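The values are calculated or read from the model by the stated rules, or taken from the named source; none is laboratory data. Every value quoted in this text rests on a predicted model; they were computed, and no experiment measured them. Positions of Cβ are backbone-derived with ideal geometry, glycine not excepted, and every protein chain shown enters the neighbour counts.
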């Protein structure tokens, strides 16, 4: 008699995957996922419910409302979260509407490779395109470079991005030496060209026609 194959334990299904804007009820789930973000948003502040609540309040008002915290849910469980916004000038009040920033996308380790990260990224990009963004930029941790590359992002040498916009030149510095600056043109009609300079990577053509 041949050997009997052992059945591998199947991962319990928590329900369908959905992505939506974050609500107050999602704060515990965001606190559990954001410290593992593989964009810019990892770190202690996102473990603090009050910090997350302040972020949700910011998303809901004024110019700073041109930003979104999203959650990915499997059934009723929050398994991932993201934060994206239009680039802001140093005054914190003027938006570079042609430039979208993917600040962070995070998924619980036990729920990865189920489509949550890709769904969150797609929602971030769609939101920013609706707000007028022509190009997306991200500062990416080493273990996420392949993910962003698979979704059309190109790497660029540091130490910064320099991007022209109607609100003036936007400068996005590399905040952590181990991260990789990445970018993606999100409008087929735009001819976005990257050029290395001493100050960083200059992206031309962002304004489009």
Does the stretch 28-62 hold any residues that are in contact with a strand residue (DSSP E or B) (Cβ under 6 Å, 6 or more places away or on another chain) and at pLDDT below 80, and which are they? 36, 37, 39, 40, 41
Examine the stretch 102-111 for a residue that is under 23 Å from residue 171 (Cα atoms), modelled with pLDDT under 95 and out of contact with any helix residue (DSSP H, G or I) (no Cβ under 8 Å at 6 or more places or on another chain), and state whether such a residue exists. yes
With the stretch 114-199 as the region, which strands (runs of 3 or more DSSP E) entirely inside it contain at least 2 residues that are buried (at least 19 other Cβ atoms within 10 Å of the Cβ) and in contact (Cβ under 8 Å) with a residue 24 or more places away in the chain? 135-140, 160-163, 170-173, 180-185
